[in-house]
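Read the structure below first, then the notes.
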């Protein structure tokens, strides 16, 4: 029975990350319609926020895989002018919208329901954020996705990625491979592992942008 349950769980996880958009949406809506993800509702003081404040420079943020709106409502309101959060789950975005109304940020925060792999922005941003969401990009698509979103960065715009690259003192293979791809093809500005949470934050931009500026 354990093997069957484990197989089903692994298959569900695979489909939530790499399945067709319609299936991903249904599964993530199921996840956020219950209480399973309530434990992530409070991430005040997260290690990614100082980097966002530094590089947003009171400008614009695109948050890909924004979930229930933590970044939109926990980041200092003075750190940014406009924010767009993209998520495949309508249930997560409904929660993000409620939190935004409660925090009085409806004039600053907007949300879009979409698979961020296919989302098409209509403006440029000072920061494009992947907060844990890069886990859901197949390694072979990481560079193409980053190349795509590079064209929606401002002249000094940057990518910021936050994810766990190790656990219990051991490197996690897939996240480490993702960071290797980033460091091979992009110019890293900052990279640090948070001593408290163990999460790693990497800030980078396209090499072409660096050459031009």
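Of the residues making up the range 180-212, those that are within 18 Å of residue 153 (Cα to Cα) and at pLDDT below 95 number 7. Taking residue 160 as the residue in question, decide whether it is within 15 Å of the chain's Cα centre (by Cα), under 21 Å from residue 73 (Cα atoms) and not in a loop (DSSP other than H, G, I, E, B). It is true that residue 160 is within 15 Å of the chain's Cα centre (by Cα), under 21 Å from residue 73 (Cα atoms) and not in a loop (DSSP other than H, G, I, E, B).
The number of residues in the range 103-141 that are within 13 Å of the chain's Cα centre (by Cα) and closer than 20 Å to residue 184 by Cβ comes to 5. Counting only residues that are buried (at least 16 other Cβ atoms within 10 Å of the Cβ) and at pLDDT 80 or above, which one in the range 16-25 is farthest from residue 86 (Cα to Cα)? Filtering first and then ranking leaves 24.
The values are calculated or read from the model by the stated rules, or taken from the named source; none is laboratory data. Not measured: the values here are computed from a predicted model. Positions of Cβ are backbone-derived with ideal geometry, glycine not excepted, and every protein chain shown enters the neighbour counts.
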